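The values are calculated or read from the model by the stated rules, or taken from the named source; none is laboratory data. Every value quoted in this text rests on a predicted model; they were computed, and no experiment measured them. Heads up, the Cβs are rebuilt from the backbone with ideal geometry, glycines too, and the neighbour counts pull from every protein chain shown. Quick note on the areas: whole protein, heavy atoms, side chains included, nothing else; ligands and nucleic acids left out. Shrake-Rupley method; radii C 1.70, N 1.55, O 1.52, S 1.80 Å.
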Amino acid sequence: MSATPATPRRLSVADIAKLYADGARIPMLTAYDHPTAQLLDEAGIPLLLVGDSVGQVMLGYETTVRVTMAEMVHHTKAVVRGSRRALVVADMPFLSYSTPAEALEHAGTFLREAGAQAVKVEGGVRTARIIEALVRAGIPVMGHIGLTPQAIHAIGKVRVQGKSRDQARALLADAQAVQEAGAFAMVLELVPEQLAAAITERLRIPTIGIGAGPGCSGQVQVITDLIGLGDFVPKHARSYAHVRGEILAAATSYAADVAAGTFPGPDETVRMDDSVLDEVLGRGASDRPAGELPAGGIPLDRDL
Ligand code: KIV
């Protein structure tokens with residue numbers, strides 16, 4: 001009897017907890033579209049974040065504040081369809097979780113309509129009651145503290161969070177609040193490495209760092225930074241490929257080939273039986289009495 005290849009089982013928050021308990025460092029990447037999700041899934045990335053960074057890196061917005069629910073649902077659906085094993089986390093956009101009721105409605109849309117398995121919300125102490133409400137409703141939540149880009153207009157500019165004594169104390173309190181509210185993991189963004197390591201040591205859930213040093217339980221990168229697609233790579237990111245240059249070279253060569261008439265060539269072209277076309281155009285030996293226009297064909301101007 002031939003064995004049917006098993007469809008990989010979608011990871012759950014319990015699987016992420018197991019990775020953490022086993023001491024594995026957890027890689028997470030952002031994904032916004034179907035083919036990228038397929039590749040990242042094939043690479044074995046256990047956590048895919050449909051980040052609201054999609055607004056900046058894919059949609060051309062200046063900040064994540066402009067990203068809407070409709071845009072996030074659209075991209076989340078593509079990532080869910082493209083992945084079979086990874087746990088897909090959908091980022092709740094700005095002002096979509098101001099009250100528990102609003103948060104439940106929108107998180108419900110991500111799970112029910114878009115097919116995500118978890119959501120991410122920004123904020124520590126200030127967001128704890130929202131996290132609690134979502135978790136009580138059975139919705140897995142990833143927290144996000146440190147730099148919270150949706151608050152950029154309040155913060156002023158992108159900068160490391162937690163360097164001063166007061167800020168560091170506040171960040172420890174945020175981390176504690178997110179954990180106690182029931183989150184299964186939390187992103188630490190732009191936090192000094194010693195503080196990120198100290199937070200990580202004090203928690204029972206994984207921290208996923210971005211610009212927070214190697215002492216976190218896992219790391220997350222924005223996919224366009226990882227593959228070198230964007231026009232700017234932040235200091236904390238590492239590009240493992242340089243796709244921008246490849247796309248530029250491909251598009252330039254293509255344009256040159258079209259201009260030279262060398263694309264498409266014989267390999268990219270389909271031919272038909274010439275006699276069939278001759279018949280259709282009335283060029284066959286039998287179907288065109290002298291001086292008459294083709295019977296069924298579309299005459300060329302010069303034939304008229
Ligand atoms: O939106 C995003 O990509 C994020 C990551 C930077 C964690 O929130």
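Number of Lys-Lys pairs in the chain under 30 Å by Cα, sequence gap 8 or more or different chains? Each step should come with its number before you reach the end.
Working: LYS18/LYS77; LYS18/LYS120; LYS77/LYS120; LYS120/LYS157; LYS120/LYS163; LYS120/LYS235; LYS157/LYS235; LYS163/LYS235.
Lysine pairs, 8 or more places apart or on different chains, close enough: 8.
With +1 on the Cβ of every Lys and Arg and -1 on the Cβ of every Asp and Glu, and nothing else charged, how large is the dipole of the chain about its Cα centre, in debye rounded to the nearest 20?
Result for the chain is approximately 1800 debye, rounded to the nearest 20.
Per the 1.4 Å probe, what fraction of the accessible area of the chain, in percent, lies on carbon and sulfur atoms?
Its accessible area is 56 percent carbon and sulfur atoms.
Among GLY123, GLY156, GLY218, determine the one that fluctuates most according to a GNM of the chain built with springs between C-alpha atoms less than 10 Å apart.
GLY156
Plugging the Kirkwood radius over Cα pairs into Stokes-Einstein for the stretch 13-226, at a temperature of 37 °C and a viscosity of 0.692 mPa s, what D comes out in µm²/s?
Calculated translational D: 195 µm²/s.
So with the 1.4 Å probe, I'd like the accessible area per residue for the chain, rounded to whole Å².
Spelled out: the 1.4 Å probe surface of the chain, per residue, equals 56 Å².
Can you find, among GLN167, MET92, ALA118, the residue farthest towards the positive end of the dipole of the stretch 13-226? Put +1 on the C-beta of Lys and Arg, -1 on that of Asp and Glu.
Value computed over the given set: GLN167.
Would you compute, from DSSP H runs of 4+ residues alone, the mean residue ellipticity of the chain at 222 nm, taking -39500 (n - 2.57) per run and dividing by the full residue count, rounded to the nearest 500?
Numbers: 12 runs with 118 residues, N = 304.
That calculation yields -11500 deg cm²/dmol at 222 nm.
Given the options SER83, SER12, SER253, state which has the largest fluctuation in a GNM of the chain using a 10 Å cut-off (strictly under) for Cα springs.
For the chain, modelled as a Gaussian network with Cα springs under 10 Å, the answer is SER253.
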